[in-house]
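Here the structure is laid out as structure tokens; the discussion comes afterwards.
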Amino acid sequence: MSTKQPDEIEQALGSQLIDVRRNLHLEPELSYEEFKTTEKLRKWLTDANIRILNLPLKTGLIAEIGRGAGPIAAIRCDIDALPIEEQTGLPFASEVPGKMHACGHDFHTAVILGAAYLLKAREAELPGTVRVLFQPAEETGHGAESVLASGGLEGVAAIFGLHNSPDLPTGSFGTRTGALTAGVDRFEITVKGIGAHAATPENGVDSIVTAAQIITALQTIVSRQNSAGEPVVLSVTRINGGFTWNVLPEMVELEGTVRTHNEEIRRTIPVKMTQIIEGIAAAAGAEAKLHWYPGPPATINDGYWADFTKEIAKQAGYEVHDIAPQMGGEDFSLYLQKIPGAFVNIGTGPAYALHHPRFDVDEAALLPAAEYFALLAEQALVKLKEKG
């Protein structure tokens, strides 16, 4: 039996979560490559006598806490890193060249692991079961699909996830009812003209000029074919064409992304893009084709559970904000299409933006977030049991 006082136990857990976060930060792994991360989590959970579900997941895992009766709630984090060379200069900076936890998934993982420890300590009092999800490959936008396919969330009645926010100060919390993050789609456009010497463009069909006209015209979808009250972002992010200074290339490739909150508008965008792309190309005597790669939809928070997360945040001592919709993406949205719940932001202090090579988080936010998610999961079970 422990003789430690509550403050000592809390301080020890806070130090432990900092160690976990730094351990993960040292050895980041990209999407679907999180083998070492998964094994670390398996050991930490097993050492705490937390059972791990036997599921067909290559990486990532789901643990379970509870006595097997009553409702089931889930809390989720993501575990993958990014292909970025770290420039923080931290003593625990990434030891893996070209890979970095530049989105704070190491923070998320430590938070949810800490919540699991806290829930395990009061497992006998839980009025149900908590599934603890350590999800792979969030950065691909498709990692949630493998989790859903594994069957690991069957029977879950409510689900909650988090992202750290460098835009909110430490001690702050933010979420909202409805769309929180955007649907994320990727596109490629191939423009095929006829190559010619730059001195005699009349002998060819200029794929570069055609591509430039397409890039400009695509912005009319946002500015002239869409209501100003419905956020839409269409960004061309890559142009590739030509190999020397005095030849008009036959082919130009474009790539980019579309971000939307409204699913109906989202469905119309590739249709409108195709009309513009093919019309401009035909007028120039060129050929052009759109290749569309759908990603995760918008993250739509359930109103009841979004309000519930804010109430629990107030109880936990957070400064609570009803934040504006964001244009970043999150595959947690795939869970919310099937299971009611909410996604929330935890403030980690002013810092470089997400995905920046000098990004970092305030580690003082770790323990409060772990305590919050443990309380959230437990109270969600209470509400689910009340609702029957």
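The values are calculated or read from the model by the stated rules, or taken from the named source; none is laboratory data. Not measured: the values here are computed from a predicted model. Cβ coordinates were reconstructed from backbone atoms using ideal geometry, including for glycine residues, and neighbour counts include every protein chain displayed. We work out accessible area using only protein heavy atoms, side chains counted, and drop any ligands, DNA or RNA first. Shrake-Rupley method; radii C 1.70, N 1.55, O 1.52, S 1.80 Å.
Give the accessible surface of the chain per residue, rounded to a whole number of Å², with probe radius 1.4 Å and ligands, DNA and RNA excluded.
44
Extension gain for Tyr352 to Lys385 (0.36 nm times residue separation, less C-alpha to C-alpha distance): 7.7 nm.
What are the semi-axes of the equivalent ellipsoid of the range 268-388, taken as the square roots of 5 times the eigenvalues of the Cα gyration tensor, listed largest first and rounded to whole Å?
Numbers: eigenvalues 331, 89, 23 Å².
Equivalent-ellipsoid dimensions as semi-axes: 41, 21, 11 Å.
Where is the GNM fluctuation largest for the chain (alpha-carbon springs, 10 angstrom cutoff): Thr220, Thr348, Thr257? Comparing Thr220, Thr348, Thr257 in the GNM, the peak value goes to Thr220.
Could you tell me which of rounded, prolate or oblate describes the range 6-165, using a ≥ b ≥ c as the square roots of the eigenvalues of the alpha-carbon gyration tensor, with rounded for a/c under 1.5 and, failing that, prolate when a/b is larger than b/c and oblate otherwise? Since a/c reaches 1.5 but b/c is at least a/b, the shape of the range 6-165 is classed as oblate. Max-minus-min Cα coordinates of the range 191-328 on each principal axis give 72, 28, 22 Å, with the largest extent listed first.
Protein-only accessible surface at a 1.4 angstrom probe places the residues Tyr352, Tyr335 in the order Tyr352, Tyr335, largest first. For the chain, the share of accessible area belonging to carbon and sulfur comes to 52 percent (1.4 Å probe, ligands and nucleic acids excluded). Dividing the alpha-carbon radius of gyration of the range 339-388 by the rule-of-thumb value 2.2 N^0.38 Å gives 1.57.
So, with +1 on the Cβ of K and R and -1 on the Cβ of D and E, and no other charges, what is the size of the charge dipole of the range 31-181 about its Cα centre, to the nearest 20 debye?
580
May I ask for log10 I(q)/I(0) of the range 137-191 at q = 0.15, 0.25, 0.28, 0.31 Å⁻¹, from a Debye sum over the Cα atoms as equal point scatterers with solvent left out? After summing over all Cα pairs, the log10 values are -0.73, -1.21, -1.24, -1.27. Note on His105: accessible area is roughly 0 Å² with a 1.4 Å probe, heavy atoms of protein only. For the chain, the longest principal axis of the alpha carbon atoms and the long axis of helix 105-121 meet at an angle near 20°. Derived value for the range 257-324: Kirkwood hydrodynamic radius 15.7 Å. Basis is the mean of 1/r over every pair of different alpha-carbon atoms. Dividing the Cα radius of gyration of the range 222-275 by its Kirkwood radius returns 1.14 for Rg/Rh.
Work out the FRET efficiency for Glu253 and Leu55 from their Cβ-Cβ distance, taking R0 = 51 Å, and round it to the nearest 0.05.
In this case the efficiency is close to 0.85.
Summarising the label geometry, the points placed 7 Å from Cα in the beta-carbon direction at His197 and Thr244 lie 1.2 nm from one another. For the chain, the C-alpha radius of gyration sits at 1.13 times the compact-globule guess of 2.2 N^0.38 Å, with N the residue count.
For the chain, a simple Cβ point-charge model (Lys and Arg +1, Asp and Glu -1, everything else neutral) yields a dipole of about 740 debye relative to the Cα centre. Helix 207-224 and the longest principal axis of the Cα set of the chain meet at an angle near 50°.
Counting only helical runs of four or more DSSP H residues, what would the 222 nm mean residue ellipticity of the chain come to if each run contributes -39,500 (n - 2.57) and the total is spread over all its residues?
For the chain, the value works out to -11500 deg cm²/dmol.
Figure the gain on full extension for Thr220 and Glu10 (residue separation times 0.36 nm, minus the Cα-Cα span) and round it to one decimal in nm. Can you show the working numbers first?
Working: separation 210, 0.36 × 210 = 75.60 nm, distance 5.51 nm.
Result for the pair: 70.1 nm of gain on full extension.
Here the calculated FRET efficiency for Phe35 and Glu95, from their Cβ-Cβ distance with R0 = 22 Å, stands at 0.85, rounded to the nearest 0.05. Note on Glu250: accessible area approximately 90 square angstrom, rounded to 10, probe 1.4 Å, nucleic acids and ligands left out.
In debye, nearest 20: dipole of the range 163-309 around its Cα centre with unit charges on the Cβ of K, R (+) and D, E (-)?
About 100 debye.
With contacts taken as Cα pairs under 8 Å at a separation of at least 6 residues, the chain carries a relative contact order of 24 percent. Principal axis extents of the C-alpha atoms in the range 293-336 (largest first, rounded to whole Å): 42, 18, 14. The share of C-alpha pairs in the range 146-269 whose separation exceeds 16 Å stands at 74 percent. When the alpha carbon gyration tensor of the range 27-88 is reduced to an equivalent ellipsoid, its three semi-axes come out at 27, 12, 11 angstrom, largest first. The long axis of helix 263-284 is offset from the longest Cα principal axis of the chain by roughly 20 degrees. Note on Arg42 and Asp307: the extension gain reaches 92.1 nm, defined as 0.36 nm multiplied by sequence separation minus the Cα-Cα distance.
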